[in-house]
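Scroll down for the structure; my scribbles are underneath it.
The values are calculated or read from the model by the stated rules, or taken from the named source; none is laboratory data. All of these numbers come straight from a predicted model, not from anything done at the bench. Positions of Cβ are backbone-derived with ideal geometry, glycine not excepted, and every protein chain shown enters the neighbour counts.
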Amino acid sequence: MDNAQTAKTERNFVGLSSIDYRGKPSTLCPGCGHNTVSNQIQQAVFELGLMPEMVAKFSGIGCSSKSLNYFLQRSFGFNGLHGRMPTLVTGACFADRRIKAIGISGDGDSASIGLGHFKHIIRRNVPMVYIIENNGVYGLTKGQFSATSDLGLELKHQGKNFLPPLDLCMEALISGAKFVARTFSGDIKQMKELLKAAIMHNGIAVIDVISPCVTFNNRDEALQSYTWGRENEAPIQDITYVPRAQAIHIKDFQEGETREVRLHDSSSIILKKIDRDYDPTDKHAALDLLTGSYKNHYFATGLIYIENAPTNIYDEFDFVEEPLNRLTPDRLRPDAAALERINLMYH
Amino acid sequence: MDHPIVHTQAEHNASVNDFCMTICTVNGSGSATANTILYRALFNMGIPTSGKNIFPSNIKGLPTWFVIRVSERGYIGRVPYDDIIVAMNADTFQKDLTYLPEGGVVFYADHLQKPADARTDLVYYPMPIRQFVRQAEVPRNLREYMENMAYVGIVGQVLGIPMENIEYALGKHFGSRQNALESNQNIIRMGFEWAANNLTKQDRYSVRKLSPLSDYILTDGNNAGALGALYGGVQFCSWYPITPATSMVEAMIAHNPKLRKDPITGKNTSIILQVEDELAAAGAAIGAGWAGLRTMTATSGPGLSLMTENIGLAYFTETPMVIWDVQRVGPSTGLPTRTAQGDLAMVYRLGHGDINHIILIPGSVNECFEFGWKAFDIADHYQTPVFVMSDLDLGMNQWITEKFAYPEKPIDRGRILWEEDLARFEGSWGRYKDIEGDAIPWRTVMGNQNPAAPYFTRGTGHDECGNYSEDPQNWSEMIQRIKRKLQNSCEYLPGPILREKAGARIGVIAMGSTDPAIIEGQDQLEEAGLAVDYLRIRALPVCSVVREFLENHDRVYVLELNRDGQLYGILIQELHDYSPKLISISEVDGLPMTAIWVKQQILAKEQQNG
C-alpha cells in the first residue's frame with residue numbers, strides 16, 4: 001500500500017477518513033498559497049476528530065473566499081460579501097453554539113473594506129478561527145495594491161506603492177484578541193498545529209497566513225512572496241498541539257526549552273524555544289516582536305500571543321442549553337396571559 | 001404644506017372634546033412626563049386622544065412642541081393649527097401665537113415676556129408656575145421639570161379634566177415610585193387649586209367624560225412593533241442606533257427579559273445585539289436567519305442605504321429576515337426627527353440587479369404589533385427579506401389603538417428540513433430545487449448532522465444544489481423562480497382595507513400612517529358633497545383587490561407623504577393597464593398629513609379632472 005492510500009484509509013476517532021474532509025477541486029492558480037491553507041484546515045479538522053457537520057465555514061469575496069469551497073464539503077458554508085464575513089458569523093454562531101466557525105478572508109476583506117468588522121468581531125470575542133490569507137495584493141481583480149502591500153512594492157499596472165502596510169496581527173492584538181498567530185504557506189507543519197490550537201481555543205483566534213499570490217505578487221523581493229518568506233522566515237517557536245486526552249511526555253521536549261500553554265478544554269500547546277526565549281503570554285513582547293520584525297526585515301511566525309479565554313460572547317447571555325435554532329415554536333411565543341398584562345399596562 | 005385656515009366663530013363655538021392643544025417647550029426640559037400625564041388623563045376620561053411630539057434633532061435647548069388632539073368623533077390625525085397653546089418657551093412664544101384661531105387659548109408661564117403686540121383676539125391665562133415650585137421647595141435640579149408638571153394642574157382645571165383622571169395617569173406613569181408620585185401630585189394639585197380660585201373660564205374649549213375606552217390602549221408604534229416581534233418569536237436582533245428606529249429596539253430590550261424566558265428552563269431564547277454599523281446589523285441578521293433563527297433588524301433610511309448590498313445577498317441566497325424601516329425624511333441625513341413615506345420606491349427594489357421585496361405597511365399602532373409577528377411567518381414561509389415600513393409619526397408618537405390581539409395563527413417556520421426529514425427526499429433534495437412546484441424550496445440549516453444536509457451558500461450564480469454556475473439557462477430559471485415566489489406571496493400578505501362611501505365613483509389609495517388623515521378627509525369630502533372610496537394598501541406586491549378597485553372607479557387618487565408619488569409610481573408600473581385612471585397627490589414637509597389637505601387637494605384635482 002502506498003502512502004497516499006494509507007492516508008485515505010486511516011480513520012480518526014469519529015471513524016471518518018480524510019476523504020470525508022475534502023472539498024471541491026480548487027480552481028485557484030496552481031501553486032496558490034491558499035490551497036495549502038485549505039489542505040491544512042481539512043487535515044487539522046480530521047486530526048482533531050471533529051465531525052465535518054460540526055464545523056461551519058464563512059468567507060467574503062476574493063480568491064481567499066473562493067477557497068472556502070475547496071475544503072470540508074460536508075460542512076455548511078456561506079460565501080457572502082466582500083469584507084462582511086465577520087458579520088455573518090456574528091449572527092450564525094448563536095444558532096448552534098456547538099458549531100466551530102472558521103472564517104476565511106483576504107487582506108482586501110480584513111485590512112480594507114472590512115477592517116471595522118475585523119476589529120469589532122475581536123471585541124465581541126465570537127468563538128471562531130479568523131484566518132486572513134494575506135498575499136498583499138488583490139488577486140481576483142488582477143493585481144492591485146492591498147492595505148498589506150509593502151511600502152515601495154511595484155506592480156505591473158500600479159506603479160510603486162507609496163502607502164505603508166497594516167499589520168493585521170498588530171490590529172488584532174490591540175483590538176483585544178486572545179489568540180494571535182502568523183504563519184506561512186511554506187510552513188505547513190506550523191500552520192496545521194496553529195490551526196488545531198486555534199480551533200480548540202475558546203474565543204476568537206486570529207491567524208494571519210502569509211499566502212503568496214503566484215500570479216500577481218511573487219517577485220522574490222516582495223514581502224508576501226514564497227522566496228522572501230522562505231529566506232526570511234524566523235519561527236519564534238516550534239509548535240505542537242496536544243489534545244486533551246493525550247498525556248504529555250514532557251521528556252520529549254528538552255527541559256527549560258519548552259513552554260506549555262493550556263487551553264480552556266485542557267488540551268495544550270507545547271512551544272519549543274528556537275533561538276530565543278519568547279513569552280507569547282506577554283502582550284508587550286508581542287507588540288515588540290511585530291514592530292521589530294517589520295523594521296528589521298525578518299518574518300516572525302508562530303504563536304505571537306495567547307491568553308487564556310475562560311469566557312466568550314456566549315457567556316454574556318444566559319441561554320437555554322439546546323441550540324437556539326432547534327427551539328420549537330411553543331418556546332418562542334409568549335402566552336396570551338402575558339399579552340393581557342401588556343394591554344392592561346397601556347390602558 | 002401651507003394650510004390657510006379660515007375659522008369662523010360659528011365653527012368654534014363651545015368646543016367640547018374637540019380641539020388641538022400644543023405644549024410649546026424647550027427640549028431636554030423634562031416636559032415629556034407632564035405631557036404624558038395630560039393625554040393619558042384625557043384617554044382615561046374615554047376621549048379619543050393622540051399625542052405628537054414635534055421635536056428637533058437635538059438633546060437640549062431647542063424648541064419642541066407636543067401636540068395633543070382630542071376628538072370625540074375619533075379623528076386622531078394631525079390638524080394644521082392649534083386651538084390651545086401652553087407657552088413655556090420664550091423663544092417661540094410670539095410665533096406660536098400665530099397658529100391659533102380667533103378665540104384661541106394661551107396658557108403661558110407668567111415669567112415669559114408676553115409680546116407687546118400680542119393678539120387681542122385670544123384668551124390668555126397666565127400661570128405663576130415658578131411661584132408654585134418655590135412654594136413646594138423643589139430641589140434645584142428638579143425645578144425646570146416641576147415647572148412643567150405645574151401646568152398640568154392649571155390646564156386640567158380650566159379644561160375640566162377631573163383630578164381623579166389626572167391621578168390615574170400619575171399612578172400609571174410612576175407606578176410604585178411613591179416619592180416621585182407624591183411630589184408630582186403635589187405640584188399638579190397646587191396648580192389645579194390655584195386655577196380654580198384665581199382664573200375665570202373665558203374660553204370655549206372643554207372636555208367631558210365619555211364611556212370608558214375599554215377596548216383601546218395608548219402607546220406608540222415602535223413599542224407595538226417590538227412587542228409584535230417578541231410575539232413573533234424573534235430570536236436574533238442585530239442593530240445600530242438611528243432615529244427614529246432606536247426606540248423600537250430599546251422597547252425590545254425592555255420587554256425581552258419578561259417575555260422571552262424559556263417556559264421550560266427560564267433561560268433566554270433570544271438575543272438583541274448592538275453592532276458596529278448597519279452593514280454589520282444586516283450581515284449578522286442574515287447569518288442568523290441563514291442558520292435558522294428568527295431574525296430582524298430595525299433601521300431608517302440612511303441605515304437602509306448602508307444595508308443595501310446585504311439585502312441583495314439575503315434575497316438571492318433566499319435567507320429569511322425581517323427589516324423594520326421606521327422612515328424619516330430623506331435624502332441624505334435629511335430631517336432625522338420628522339416623518340415621511342419617502343423610502344418606499346427604494347425599498348421595493350432595494351439592491352442591484354433584478355430584485356423586489358415583500359413590504360408590509362402598518363397603518364396603526366395595532367397593525368405594528370400584528371405585522372410585527374406576521375413578518376416573521378412571511379419571511380420564513382417565502383425565505384426572503386420582509387420589510388415592515390413604519391414611519392416616525394406612527395413609530396414615535398402616542399396613539400389610541402385597539403388592544404393587541406393574540407396571534408390567531410401558530411408560528412410558521414416555513415420549509416426547514418432536520419436530520420430525519422431528509423430521508424423523505426431519497427437524495428433528491430437540493431437547496432434551491434422547486435420540489436413542491438410553488439417556487440419555494442426546502443432548506444436545511446447549520447447544525448443539521450445529516451451528512452446530506454450541508455450545502456454551500458453563495459451570492460454568486462448557483463444551481464439548484466447551490467453549486468457555482470454561470471450557465472445562462474440556469475441563471476434565467478433561478479431568477480424567474482424567485483420572481484414567481486414573490487409574486488405568489490401577494491395573496492398571502494395582509495390585504496387592503498376598503499372604506500366605502502355610498503355611490504362613490506372616485507377612489508383614493510393610500511398607505512401607512514396617513515390613515516387617520518385620509519379617513520377624516522374622506523368624511524370631510526362627503527360633507528362637502530363628494531363621495532370617495534378609500535383603499536388602504538397594506539402590503540406589496542399588490543394583490544388582485546387593488547386591481548378590482550381600479551377597475552371599479554373612474555379616477556383614483558394616490559395620496560402619500562413624499563415628493564414624487566412613490567406608491568403611485570409602483571402602481572402605474574405594476575398595473576399599467578389602469579395607469580390613465582391613477583392620479584398622484586403627494587407632498588412632504590416633515591409633518592404628518594392632515595385631513596384638510598386631503599380634502600383641499602382632492603377637491604382641487606376634481607375641479608381639473610371632474
Result of the Cβ filter at 8 Å on segment B:392-410, keeping first residues that are within 11 Å of chain A (Cβ to nearest Cβ) and within 17 Å of B:Lys374 (Cα to Cα) and partners that are assigned to a loop (DSSP other than H, G, I, E, B) and not β-branched (Val, Ile, Thr), at least 6 apart or interchain, is B:Lys403/A:His347; B:Lys403/B:Asp215; B:Pro407/A:Arg333; B:Pro407/B:Gly232
Selected residue [small (Gly, Ala, Ser), under 21 Å from A:Leu327 (Cβ atoms) and surrounded by fewer than 24 Cβ atoms within 10 Å (Cβ to Cβ)] from B:Gly266, B:Gly228, B:Gly287, B:Gly232 | B:Gly266
How many residues, within segment A:146-179, are in a strand (DSSP E or B) and among the charged types (D, E, K, R)?
-> 2
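Okay, residues lined up against (1) under 18 Å from the mean Cα position of the chain (by Cα); (2) not in a loop (DSSP other than H, G, I, E, B); (3) not basic (Lys, Arg):
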site	(1), (2), (3)
A:Ala181	yes, yes, yes
A:Asp208	yes, yes, yes
A:Glu231	no, yes, yes
A:Arg244	no, no, no
Counting only strands (runs of 3 or more DSSP E) entirely within segment A:69-145, those with at least 1 residues that are closer than 24 Å to B:Asn467 by Cα, β-branched (Val, Ile, Thr) and away from chain B (no Cβ under 14 Å) are A:128-134
Taking segment A:289-347 and keeping residues of a type in the set (Ser, Thr, Tyr), part of a loop (DSSP other than H, G, I, E, B) and closer than 29 Å to B:Val445 by Cβ leaves A:Thr311, A:Thr328
Would you check if there is a residue in segment B:596-610 being at pLDDT below 95, surrounded by fewer than 21 Cβ atoms within 10 Å (Cβ to Cβ) and not in a helix (DSSP H, G or I)?
-> yes
Sort out which residues of segment B:247-267 are among the hydrophobic types (A, V, I, L, M, F, W, C) and away from chain A (no Cβ under 14 Å), and write them in order of number.
-> B:Met248, B:Val249
Taking segment B:44-69 and keeping residues among the small types (Gly, Ala, Ser) and out of contact with any helix residue (DSSP H, G or I) (no Cβ under 9 Å at 6 or more places or on another chain) leaves B:Gly46, B:Ser57, B:Gly61
If you go through segment B:208-225, how many residues are more than 19 Å from the chain's Cα centre (by Cα) and buried (at least 24 other Cβ atoms within 10 Å of the Cβ)?
-> 0
Quick one: B:Glu477 ticks every box in (1) surrounded by fewer than 18 Cβ atoms within 10 Å (Cβ to Cβ); (2) closer than 22 Å to A:Ile61 by Cα; (3) among the acidic types (Asp, Glu) bar one, so which box is it?
-> (2)
Would you point out the residue of segment B:273-284, among those that are out of contact with any Phe, Trp or Tyr (no Cβ under 7 Å at 6 or more places or on another chain) and surrounded by fewer than 24 Cβ atoms within 10 Å (Cβ to Cβ), that is nearest to the other protein chains (Cβ to nearest Cβ)?
-> B:Glu276
When you scan segment B:218-246, how many residues do you find that are of a type in the set (Ser, Thr, Tyr) and more than 9 Å from chain A (Cβ to nearest Cβ)?
-> 3
From the list B:Arg140, B:Arg78, which one is of a type outside the set (S, T, N, Q) and exposed (fewer than 14 other Cβ atoms within 10 Å of the Cβ)?
-> B:Arg140
Looking only at residues in segment B:438-469 that are within 37 Å of the chain's Cα centre (by Cα) and away from chain A (no Cβ under 14 Å), which one is surrounded by the fewest Cβ atoms within 10 Å (Cβ to Cβ)?
-> B:Asp438
Condition met for B:Leu561 (aliphatic (A, V, I, L, M), surrounded by 22 or more Cβ atoms within 10 Å (Cβ to Cβ) and touching an Asp or Glu at 6+ places or on another chain (Cβ under 8 Å)) = yes
Any pair with Cβ under 8 angstrom, 6 or more apart, that starts in segment B:170-184 at a residue that is aromatic (Phe, Trp, Tyr) and ends at one that is surrounded by 11 or more Cβ atoms within 10 Å (Cβ to Cβ) = B:Phe174/B:Ala180; B:Phe174/B:Leu181; B:Phe174/B:Asn184
